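Trainee: The following block contains the structure, expressed as structure tokens.
The values are calculated or read from the model by the stated rules, or taken from the named source; none is laboratory data. Since the structure is predicted, the reported quantities are computational estimates derived from the model, not experimental observations. Neighbour counts are summed over all protein chains in view; Cβ atoms, including those assigned to glycine, are modelled from backbone coordinates with ideal geometry.
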Amino acid sequence: MDLNIVELAQMMDLSVVQAQHTEEDVRQVAELAIRYQCKAVFTLPSQTHFLRQLIGDEKVVIGGVVGFPSGGATMNTKSCEAKELIDLGCRELDMVINIGKLRSGSHEYVREDIQSIVAVAGSIPVKVVLECHYLTREEIRAGCELSMEAGAAFVKTATGWAPTGATLENVSLIHSFTQGKIKIKAAGDVRGLETLLEMYRRGARRFGIGYDSGKKILEQAEKYPGDTIVF
């Protein structure tokens, strides 16, 4: 397999979604995304307007997060948040699954929760964040199945707030459950090019990455002859 740096950048969602992130952090991520033409930048909701000003007419997608980081808001709250983010210019939404309801076995509630965001989003892709750190194997399976049933575009490993994120094992596990029926976004702990490429081999096709790791990965990719990464 091989990827060029443009293809690599188009699989990267640069993320600045921690509570402590400042406007300067958002500015740095936006500049990096524009430089390499990354697929998207995701911020917390209150930073979305500022991010839109920074991105301007660039082709980088503005992404929004719904129900971050707990997933425990009511369906109506999540739906209202999604509508506001779309009005602010977001063209992809990453929503956190209701982790507590999933662990409680309330599958009908979880499916409806996801469906409500998919309905609001329309043609805008919705990625469902499973937050695998808190889930058993069977709960991950259920989260994948409910996401597919609800019409989501992706399942995503983590918010980046939990102690662990995208492990190789979890990417492989999700792929074994989904079998290409829904795309996989690996997020949390994708800190180097070698890790990203191994997750790609295991089925991930989008990567949520912070500024430092994103810069490192893109600079590593630039060192390959002809900007083509053979792996």
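Trainee: Just a yes or no: is a residue in the range 199-213 in contact with a strand residue (DSSP E or B) (Cβ under 8 Å, 6 or more places away or on another chain), crowded, with 17+ Cβ neighbours inside 10 Å and of a type in the set (V, I, T)?
Mentor: Taking every residue of the range 199-213 in turn, at least one turns out to be in contact with a strand residue (DSSP E or B) (Cβ under 8 Å, 6 or more places away or on another chain), crowded, with 17+ Cβ neighbours inside 10 Å and of a type in the set (V, I, T).
Trainee: Output yes when any residue across the range 9-29 is free of Cβ contacts under 8 Å to residues at least 40 places away in the same chain, touching an Asp or Glu at 6+ places or on another chain (Cβ under 8 Å) and not in a helix (DSSP H, G or I), and no when none is.
Mentor: So far as the range 9-29 goes, no, none of its residues is free of Cβ contacts under 8 Å to residues at least 40 places away in the same chain, touching an Asp or Glu at 6+ places or on another chain (Cβ under 8 Å) and not in a helix (DSSP H, G or I).
Trainee: What's the total number of residues in the range 55-95 that are in a loop (DSSP other than H, G, I, E, B), in contact (Cβ under 8 Å) with a residue 24 or more places away in the chain and not β-branched (V, I, T)?
Mentor: 11
Trainee: For the range 110-161, give me the residue count where each residue is surrounded by fewer than 17 Cβ atoms within 10 Å (Cβ to Cβ) and outside any helix (DSSP H, G or I).
Mentor: Final tally of qualifying residues: 4.
Trainee: Inside the range 18-45, can you point out the residues that are over 23 Å from A221 (Cβ atoms) and either crowded, with 21+ Cβ neighbours inside 10 Å or within 18 Å of the chain's Cα centre (by Cα) (or both)?
Mentor: Result: Q18, A19, H21, V26, T43, L44, P45.
Trainee: Mind checking which pairs have a first residue in the range 108-137 that is on the phi > 0 side of the Ramachandran plot and of a type in the set (D, E, K, R) and a second that is in a strand (DSSP E or B) and modelled with pLDDT of 95 or more, Cβ under 8 Å, 6 or more apart or different chains?
Mentor: E131/V96
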